[in-house]
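Undergrad: I'd like to ask you about the structure that follows.
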Amino acid sequence: MRFNFKVNDEKIEIDCEQTARLIDVLRNRLGLVGVHEGCSTGECGACTVLVNGKVVPSCLVIIADVDGKEVMTVEGIARTEKGKEIVKTFAAHGAIQCGFCTPGYVSCAYAMTKDDDVVKSVEGNLCRCTGYKKILEAIEKVSKWNT
Amino acid sequence: MKKIEYFEPRSIEEAAQILADTRGFVLAGGTDLLVRMRRRLWDIRTIVNIKKIPAIAEIAVTDGHLSIGCLSTLSQIQSDALVQKHFPLLPRVIAQMASWQVRNIATMAGNICNASPAADTALPLLCLDAEVVVNGSRSIPIANFFTGPGKTALSPGELVTSIRIPLKASAYKTSFHRLGIRQGLDIAIAAVCVSVSPDLKEFRIALGSVAPIPMRATRAEKASSGKHEVAATECSPIDDFRASKWYRTEMIKVLTKRCLDEIQLQSK
């Protein structure tokens, strides 16, 4: 079945099963391998992307539910002014080690407003490397000038 | 992977018919269904995606009740002005569930239909005398909704279309305490929700994760003293990898007492 939606501001038309997972379409059909599959069950946050501005676990979203919507992945976020600041701040704070969890965290940081609590916003994101402190500090810093 | 039959009904009636004919699984948020599919825990051949049905996501006051449409996500319920005004207990509970990403797509109706004994939203709904509306008409009191682990009073062909809470319950004083291994995303080891009528006479004490279903501790509710101890005798927790039967029983005492003490303080 044919689906039309936007990914990172680009119009996309895809032919696939209605129940294809968004993460599979993004990674395998569109080459957006910045979206990482950690647990496949919505519990690790590594696959987090934005759909119509909201963070969602792309491993639990089917493509039929994205039809007509706007998706943003870390690749698109990193091209925006806000996204560039987020990535720069993460790097400066030592918030990136292996990088596997990073796109998920960057997506959340991008979607946050300054009224969102940092810890609550990323409680669904796991990191096996950093011990979390530097990631939280980086996001705290970024959220100080978020609107 | 075997082919999945997929339907996108455009009305409640159409959905009910498909569900009755196929015994398919309802897809709303998908945060339980897609996990089961991935883990091959259930034999899922048919999916009925209800998100194209209009008018079942609304939150509105009608007929002396707050009605929460079945497609309302946990995030939407959490931030809704009517919910925050009448039943701030719900946002308080939801804030402790899952994660931001999951709350953005998961639904409260899905949480109760999945009917885990640990279903978090079941507890405030039990304490607020909620009703589950099925196929837009039939009404099941929440106390009768859960019939076993993962089992509800729904028959094939029945779809929960909304959850209604009587506005008079907004006068109840409420408290909720949940114990888990980590803050977000885990399944509660034990949870307690308590509501009390404004005259402090009528109690509702709901216990989670300590029985085959989210339950009300009705003897504890009527006990004149030591409610927390009575509640612990009414539940039947199991040993599992999260916690032991003994520990859960002890924690029910602690959490119930915490809830009751908090409500006492609220009343001063």
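A short reminder: the numbers here are calculations on the coordinates, not readings from a lab. None of the values given here were measured: they were computed from a predicted structure. A quick note on method: Cβ atoms are made from the backbone with ideal geometry, for glycine too, and the neighbour counts reach across all protein chains shown.
Undergrad: If I model a spin label at B:Thr147 and A:Ala91 as a point 7 Å from the Cα along the Cα→Cβ vector, what separation in nanometres do I get?
TA: 6.0 nm
Undergrad: Are there trypsin sites (Lys or Arg not before Pro) in segment B:34-137 that DSSP marks as loop and that have at most 13 other Cβ atoms within 10 Å, and which are they?
TA: Numbers: sites: B:Arg36, B:Arg38, B:Arg39, B:Arg40, B:Arg45, B:Lys51, B:Lys52, B:Lys85, B:Arg92, B:Arg103; in loops: B:Arg39, B:Arg40, B:Arg45.
Here the trypsin sites (Lys or Arg not before Pro) that fit, given the DSSP loop and packing criteria, are B:Arg39, B:Arg40, B:Arg45.
Undergrad: Tell me the Rg and the Dmax, in Å, that the Cα atoms of segment B:57-214 produce.
TA: When restricted to Cα atoms, segment B:57-214 yields Rg and Dmax of 14.3, 42 Å.
Undergrad: How many angstrom separate the Cα center of segment A:83-116 from the Cα center of segment A:46-61?
TA: When both Cα centres are located, 15 Å separates them.
Undergrad: Work out Dmax and Rg for chain B from the C-alpha atoms and quote the Rg first, both in angstrom.
TA: 18.3, 61
Undergrad: Can you give me the pair-distance distribution of segment B:1-46, C-alpha pairs, 10 Å bins, whole percents?
TA: All Cα pairs considered, the percentages come to 25, 54, 20, 0.
Undergrad: Return the aspartates and glutamates within reach of B:Lys227: Cα separation strictly under 16 angstrom, same-chain partners fewer than 8 residues apart disregarded; answer none if there are no such residues.
TA: Hits, sequence-local ones excluded: B:Glu202, B:Glu250, B:Asp261, B:Glu262.
Undergrad: Under unit Cβ charges (Lys, Arg +1; Asp, Glu -1), what dipole magnitude, rounded to 20 debye, does segment B:1-88 have relative to its Cα centre?
TA: Here segment B:1-88 has a charge dipole of around 600 debye.
Undergrad: Continuing with the same structure: Kirkwood Rh, segment B:34-76, all Cα pairs: how many Å? Don't jump to the answer; show the numbers that get you there.
TA: Numbers: mean 1/r = 0.0778 Å⁻¹.
Kirkwood radius, segment B:34-76: 12.8 Å.
Undergrad: Using only the Cα atoms of segment B:113-206, construct the convex hull and provide its projected area averaged over every direction, in square nanometres to one decimal.
TA: 6.7 nm²
Undergrad: What's the magnitude of the charge dipole for segment B:187-257 around its Cα centre, counting Lys and Arg as +1 and Asp and Glu as -1 at the beta-carbon? Answer in Debye, nearest 20.
TA: Its charge dipole is roughly 60 debye.
Undergrad: Over segment B:1-117, what portion of Cα pair distances is larger than 25 Å, expressed as a whole percent?
TA: Cα-Cα pairs of segment B:1-117 separated by over 25 Å account for 28 percent.
Undergrad: Obtain the nm distance between the two label points defined at A:Lys54 and B:Asp199 by a simple spin-label model: each point lies 7 Å from its Cα along the Cα-to-C-beta direction.
TA: The answer from the label model is 4.2 nm.
Undergrad: Another question, if that's okay. If you fit an axis through the alpha-carbon atoms of helix A:133-144 and take the longest principal axis of the Cα set of chain A, what angle between them do you get, 0 to 90°, nearest 10?
TA: The angle comes out at about 80 degrees.
Undergrad: Equivalent ellipsoid semi-axes for the protein assembly as shown, as square roots of 5 times the alpha carbon gyration tensor eigenvalues: give them largest first, rounded to whole Å.
TA: Each semi-axis is √(5λ); the values are 36, 27, 19 Å.
Undergrad: Right, next: Please compute the volume of the convex hull spanned by the alpha-carbon atoms of segment A:31-147 and report it per residue in Å³.
TA: Cα-based convex hull of segment A:31-147, divided per residue, equals 102 Å³.
Undergrad: Sticking with this one: Using Cβ counts within 10 Å as a stand-in for footprinting exposure, how do B:Glu250, B:Glu131 rank, fewest first?
TA: Fewest-to-most ranking of B:Glu250, B:Glu131: B:Glu250, B:Glu131.
Undergrad: With all distinct Cα pairs included, what does the Kirkwood hydrodynamic radius of segment A:1-90 come out to in Å, to one decimal, could you say?
TA: In segment A:1-90 this quantity evaluates to 13.2 Å.
Undergrad: What relative contact order, as a whole-number percentage, does chain A give when Cα pairs under 8 Å and 6 or more residues apart are counted?
TA: Working: 261 pairs, mean separation 35.8, N = 147.
Once normalised by length, the contact order is 24 percent.
Undergrad: Would you mind working out the magnitude of the charge dipole of the protein assembly as shown relative to its Cα centre, with +1 at each Lys and Arg C-beta and -1 at each Asp and Glu C-beta, to the nearest 20 Debye?
TA: 760 debye
Undergrad: Which pairs in the list B:Lys151/B:Lys253; B:Lys3/B:Lys52; A:Lys11/A:Lys54; B:Lys201/B:Lys257; A:Lys54/A:Lys84 are over 24 Å apart, alpha-carbon to alpha-carbon?
TA: Cα-Cα > 24 Å for B:Lys151/B:Lys253; rest within.
Undergrad: Report the normalised scattering of segment B:188-262 as log10 I(q)/I(0) at q = 0.15, 0.16, 0.21, 0.22 Å⁻¹, calculated by the Debye formula with identical scatterers on the alpha carbons.
TA: For the requested q values the scattering log ratios are -0.43, -0.49, -0.81, -0.88.
Undergrad: In segment A:92-147, what is the volume of the convex hull around the alpha carbon atoms, normalised per residue and reported in Å³?
TA: 69 Å³
Undergrad: Among A:Met72, A:Leu26, A:Thr130, whose Cα lies farthest out toward the positive end of the dipole of segment A:1-143, if unit charges sit on the beta carbon of Lys, Arg (+1) and Asp, Glu (-1)?
TA: Checked the options; the winner is A:Thr130.
Undergrad: I would also like to ask the following. Which order results if B:Phe25, B:Phe87 are arranged by neighbouring Cβ count within 10 Å, fewest first?
TA: With the sparsest Cβ surroundings first, the list reads B:Phe25, B:Phe87.
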